[in-house]
Amino acid sequence: MLAAERDHQLKLLYDRYIRYLFIACAFLITLIIVSIIVFVGQQGILTFKTISPGEFFLSAKWDPMENKFGALSFIAGTFYVTLLSVAMGAPLGLAAAVFMAKVAPPGLREIMRPATDLYVAIPSIVYGFVGLTLLVPFIRVFFGVNTGFGLFAASVILAIMILPTIISISEDAIRAVPQTLEEASLALGATRWQTIWRVLLPAALPGILTSIILAMARAVGETMAVQMVIGNTPLLAASLFTPTATLTSEIVVEMGNTPFGSAWGNSLFLMALVLLLVSLLMIIIIRRIAARRAM
């Protein structure tokens, strides 16, 4: 009896220590994230000693040699590429998720799901290299443009890269819809496709929206693949085939050449801060959607 009580006390002690360990890990992660935001923010805010916020956010003139640090072209390029890639990738990803969840035979689904998960492991630089060697020349020849670099090439590459995120999460959301809803729809005389379109997809909408927002976050933060096919020109894109740049691609191209603490370097830190804030905003949106789904 005493041995059993002693073992019980030891288990309680272990549980308490493990709980403290988890709390310490969560606190450490929070501290690291806050430190990154504070450091990037402090360096970025120093940009406004040289230029005004209006010039940084509303001007497209980027010329470090003349102390011109207008980031509008990079901000616009980031949002254009993100929206275009989601517009291309979301319908394809959702269609693939519906096929895997409700149409594909079990044997085919058992092959497609691991293949989709493996799809995520492909390095982004491989996508960029394929886009540089195959997609860009194809765009140049097929559309008759000068270079083939630009928003369209970057959006196509990103659309392919975000497909696994949309497919995996959307499929899980569709399969999580109670079977009784589908059976009730079929019992009332609805066809299979009417059931999918008017019952399953609306019921799974919070999960589908979560997948799309996560895909947008992936597209916003993507660097190497975009940098290789977008053209890296600090100009506002006049068309889908005009070379331009995004926040991430410009940071990668210029960060190694800028002295730390200079106005040029600080402006790059401010661009990184904008990316951080956009990512945090998307995380907040995802949590709000998840909270509504739980209700």
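Just a yes or no: is a residue in the range 203-216 within 17 Å of Asp63 (Cα to Cα) and not β-branched (Val, Ile, Thr)? No, the range 203-216 contains no residue that is within 17 Å of Asp63 (Cα to Cα) and not β-branched (Val, Ile, Thr). Residue pairs whose Cβ atoms lie under 7 Å apart, sitting 6 or more positions apart in sequence or on different chains, and linking a residue in the range 6-18 that is without any contact (Cβ under 8 Å) to a residue 12 or more places away in the chain to a partner that is of a type in the set (D, E, K, R), do not occur here. Looking at the range 89-183, the helices (runs of 4 or more DSSP H) lying wholly inside it that each contain 3 or more residues that are more than 26 Å from Ile230 (Cα to Cα) and at pLDDT 90 or above sit at 151-175.
Looking only at the range 30-45, decide whether some residue is surrounded by fewer than 17 Cβ atoms within 10 Å (Cβ to Cβ), free of Cβ contacts under 8 Å to residues at least 12 places away in the same chain and touching a Lys or Arg at 6+ places or on another chain (Cβ under 9 Å). No, the conditions are met nowhere in the range 30-45. Being under 25 Å from Leu280 (Cα atoms) and open to solvent by 30 Å² or more (accessible area, probe 1.4 Å) is a description that applies to Ala121. Quick check on the range 211-218. Is at least one of its residues of a type in the set (D, E, K, R), under 23 Å from the mean Cα position of the chain (by Cα) and part of a helix (DSSP H, G or I)? Yes, that holds for at least one residue. Residue count for the range 201-216, restricted to those that are open to solvent by less than 30 Å² (accessible area, probe 1.4 Å), in contact with a helix residue (DSSP H, G or I) (Cβ under 6 Å, 6 or more places away or on another chain) and among the aliphatic types (A, V, I, L, M): 4. Being open to solvent by 50 Å² or more (accessible area, probe 1.4 Å), part of a helix (DSSP H, G or I) and not acidic (Asp, Glu) is a property that does not hold for Leu270.
If I filter the range 189-200 down to residues being in a helix (DSSP H, G or I) and over 25 Å from Ala291 (Cα atoms), which single residue comes out as most open to solvent (accessible area, probe 1.4 Å)? The residue in question is Trp193.
Within the range 217-252, the set of residues being open to solvent by 50 Å² or more (accessible area, probe 1.4 Å) and closer than 17 Å to Leu132 by Cα comprises Met224, Leu240, Phe241.
Candidates in the range 49-65 are the residues that are more than 21 Å from Val253 (Cα to Cα), in contact (Cβ under 8 Å) with a residue 12 or more places away in the chain and in a helix (DSSP H, G or I); of these, the one that is least open to solvent (accessible area, probe 1.4 Å) is Glu55. Could you check the range 136-148 and list, in sequence order, the residues that are under 22 Å from Ala76 (Cβ atoms) and open to solvent by less than 60 Å² (accessible area, probe 1.4 Å)? If the condition is that a residue be under 22 Å from Ala76 (Cβ atoms) and open to solvent by less than 60 Å² (accessible area, probe 1.4 Å), then Val136, Ile139, Val145, Thr147, Gly148 are the ones that fit.
Just one residue in the set Ile174, Ile167, Ile157 is under 14 Å from Lys102 (Cα atoms) and surrounded by 23 or more Cβ atoms within 10 Å (Cβ to Cβ); that residue is Ile167. Residues in the range 14-21: is at least one out of contact with any Ser or Thr (no Cβ under 6 Å at 6 or more places or on another chain), outside any loop (DSSP other than H, G, I, E, B) and β-branched (Val, Ile, Thr)? Yes - at least one qualifying residue is present in the range 14-21.
The values are calculated or read from the model by the stated rules, or taken from the named source; none is laboratory data. Predicted model only: the values in this text are computed from it and were never measured. Cβ: placed from backbone, ideal geometry, glycine included. Neighbour counts: every protein chain shown. These accessible areas exclude ligands, DNA and RNA; they are computed on the full protein's heavy atoms, side chains included. Shrake-Rupley method; radii C 1.70, N 1.55, O 1.52, S 1.80 Å.
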